[in-house]
Amino acid sequence: MKFKEFGIKKDILNAIRKAGYEEATPIQEQSIPVIMEGRDVIGLAQTGTGKTAAFALPILNSIEFRKRARVRALILTPTRELAIQTFENFKKYGRYMDLKTVCLYGGAKKGNQLSQLKRGADIIVATPGRLIDLYNEGVLDFKSVDYFVLDEADRMLDMGFVPDVRKINSLLPEWRQMIMFSATMDKAVEDLANQMLKDPVRIQVAAQNDAAETVDQRLIYTKGELKDTIIIQFLQNEIKNPENLSLPRKDRKNAIVFTRTKKGADRLHKALVKAGLLAVSIHGDKTQGQRKDALDRFRSGQVQILVATDVAARGLDIPKLNYVFNYDLPEESDNYVHRIGRTGRAGESGIAYTLCCEDELHLLYEIEKLMGKEIPEASTEWSLELDRTKFKRHNKRNNYRRNFARRSYGDNKNRPRRNDKHRDNRNNDNHRANRHNDNNRDNKHSRNHRDNRDNRNKNN
Ligand code: ADP
Ligand code: MG
């Protein structure tokens, strides 16, 4: 279906044309009319299928003109980088409109964000922590919000974010239209979502938790000691490949390598650089300046390799990314679908290699169960025969972890808390208990946040 058939305004159609799109993707085709009708929506579609425009276009279409200091749309994302990217998307599609979009995220000075807000915002794209922070300073008014969007909805409704999202939701007017998008969803999260949505339309264009078809998935069974060698040799062959050098830098072969821990990311980054590869890294312990710089250099093609924790697993859109490597398997299976979805976007093709050693078999089992598919094995010079039944040994522990997380959904008062020492020791960007740290708040704010939450619980 062509964009002009939706009855979208000319200014937006021109911007779409300028972006180079002609046909709407399936999720756009189904969501845009429903959102334009004013219905709440849960939208599920694979990574890289244009979910951002699926909500941005109908929102822009309904916000006719500037009303000073009246926020009409509020979009929440789980990471700062995704907030910035979504903000850029709104600017791209709204380029011929007289609208003001503001992006609010942690790790950056508040001054600039405050002064932008004071000049009035029509659309806000934000990470929840900073948004609440600024709300508490009295500079935000949500009384005229018509649209409330959770991008990466399952992550936003995952344990760490629930209190923030609920708090923000409680500040919005009754009539607001709520929209949630993700590539993955599970029953518990969807139940939670249904408490906030009013008579939602559920739009699903692929099987739940399906990986993008455009990604060629390959599994390499190996052992931990060999992982560095595999990555280094592979990347040296591919990325330093002379045929590649004739291409403009940004189009040369490039790769994101995901590790499970921040320490692991730092260590691998050093090893790659030592092996003569151009690499940068990104994780939750880096400053926002470092995170931005790393991503900018990778996007622009200055460096060919990005080493990242799961902080980069969700939502990031880097066109022409050739490879994703899973140096370690992710602890949360849904993140596998998101990690590999950084490649094979907008109809392009990509390859995702997963290195799996014996003590990760239980994680592999969970991922394959989630997707309802086995990841095809690639035999390489480094491949080992592994006995897949061995995962059973680890399975008990894994179930315990999952149940630990489940039990605590949405019930903050009784939530078991891990002590801080333990948390630091995990050094893990992705673990549920750690998500808040990673998502960009300083300790002072965590304290405020906890106080707010406890007060709210008392009030209830
Ligand atoms: P998702 O959120 O589903 O992972 P994004 O919204 O990030 O996907 O979009 C992925 C890529 O597809 C982006 O580079 C975007 O510019 C591009 N895109 C979006 N809509 C279309 C379209 N209708 N035709 C072609 N490309 C599109
Ligand atoms: Mg997205």
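The values are calculated or read from the model by the stated rules, or taken from the named source; none is laboratory data. Note that the coordinates shown come from a computational prediction; the quantities given were computed from them, not determined experimentally. Every residue, glycine as well, gets a Cβ built from its backbone with ideal geometry; the counts of neighbours run over all protein chains shown.
Here are some notes:
- Qualifying residue in the range 90-102 (condition: near ligand 1 (Cβ under 9 Å from one of its atoms) and either within 25 Å of R342 (Cβ to Cβ) or without any contact (Cβ under 8 Å) to a residue 40 or more places away in the chain (or both)): yes
- Pairs with Cβ under 7 Å, 6+ apart, first in the range 283-305 and in the same structural domain as T259 (by TED's automatic domain parsing), second surrounded by fewer than 22 Cβ atoms within 10 Å (Cβ to Cβ) and acidic (D, E): G284/D438
- The helices (runs of 4 or more DSSP H) found wholly in the range 148-201 and carrying at least 2 residues that are free of Cβ contacts under 8 Å to residues at least 60 places away in the same chain and not assigned by TED's automatic domain parsing to the domain that holds I367 occupy 162-170, 187-196.
- For the range 1-37, filtered to residues that are under 26 Å from the mean Cα position of the chain (by Cα) and more than 12 Å from ligand 1 (Cβ to nearest atom), the residue that is farthest from N61 (Cα to Cα) is Q30.
- Residue match in the range 86-101 (condition: in a loop (DSSP other than H, G, I, E, B), within 14 Å of ligand 2 (Cβ to nearest atom) and at pLDDT 95 or above): no
- Screening N209 against (1) on the phi < 0 side of the Ramachandran plot; (2) buried (at least 17 other Cβ atoms within 10 Å of the Cβ) leaves a single unmet condition, (1).
- Filter result (away from ligand 2 (no atom under 15 Å from the Cβ) and within 19 Å of the chain's Cα centre (by Cα)) within the range 48-79: L74
Residue-by-condition table, conditions (1) surrounded by fewer than 21 Cβ atoms within 10 Å (Cβ to Cβ); (2) modelled with pLDDT of 95 or more; (3) at positive phi; (4) in a helix (DSSP H, G or I):
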{"residue": "L13", "(1), (2), (3), (4)": "yes, yes, no, yes"}
{"residue": "K18", "(1), (2), (3), (4)": "yes, yes, no, yes"}
{"residue": "E29", "(1), (2), (3), (4)": "yes, yes, no, yes"}
{"residue": "I32", "(1), (2), (3), (4)": "no, yes, no, yes"}
{"residue": "R39", "(1), (2), (3), (4)": "yes, yes, no, no"}
{"residue": "G43", "(1), (2), (3), (4)": "no, yes, no, no"}
{"residue": "T47", "(1), (2), (3), (4)": "no, yes, no, no"}
{"residue": "A56", "(1), (2), (3), (4)": "no, yes, no, yes"}
{"residue": "R70", "(1), (2), (3), (4)": "yes, no, no, no"}
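- Subset tally (residues that are modelled with pLDDT of 95 or more and within 15 Å of ligand 2 (Cβ to nearest atom)) for the range 185-204: 1
- Meets criteria (part of a loop (DSSP other than H, G, I, E, B), more than 22 Å from K253 (Cβ to Cβ) and of a type in the set (D, E, K, R)) for E366: no
- Qualifying residue in the range 87-109 (condition: more than 23 Å from I16 (Cβ to Cβ) and surrounded by fewer than 19 Cβ atoms within 10 Å (Cβ to Cβ)): yes
- Failed criterion for G276 (all others in (1) of a type outside the set (A, V, I, L, M); (2) over 26 Å from the mean Cα position of the chain (by Cα); (3) assigned to a helix (DSSP H, G or I) hold): (3)
- Pairing each residue of the range 20-40 that is of a type in the set (G, A, S) with any residue that is within 15 Å of ligand 2 (Cβ to nearest atom) and part of a helix (DSSP H, G or I), provided the two are 6+ apart or on different chains, yields C-beta distances under 9 Å for A24/A53; A24/A54; A24/L57; S31/K51; S31/A54; S31/F55.
- Number of the condition not met by K320 [criteria: (1) modelled with pLDDT of 95 or more; (2) of a type in the set (D, E, K, R); (3) surrounded by fewer than 18 Cβ atoms within 10 Å (Cβ to Cβ)]: (1)
- Any hit, the range 309-318, residues being touching a residue at least 12 places away in the same chain (Cβ under 8 Å), of a type outside the set (K, R), more than 16 Å from ligand 1 (Cβ to nearest atom) and in a helix (DSSP H, G or I): yes
- Condition broken by A346, with the remaining ones in (1) in contact with a Pro (Cβ under 8 Å, 6 or more places away or on another chain); (2) surrounded by 23 or more Cβ atoms within 10 Å (Cβ to Cβ) satisfied: (2)
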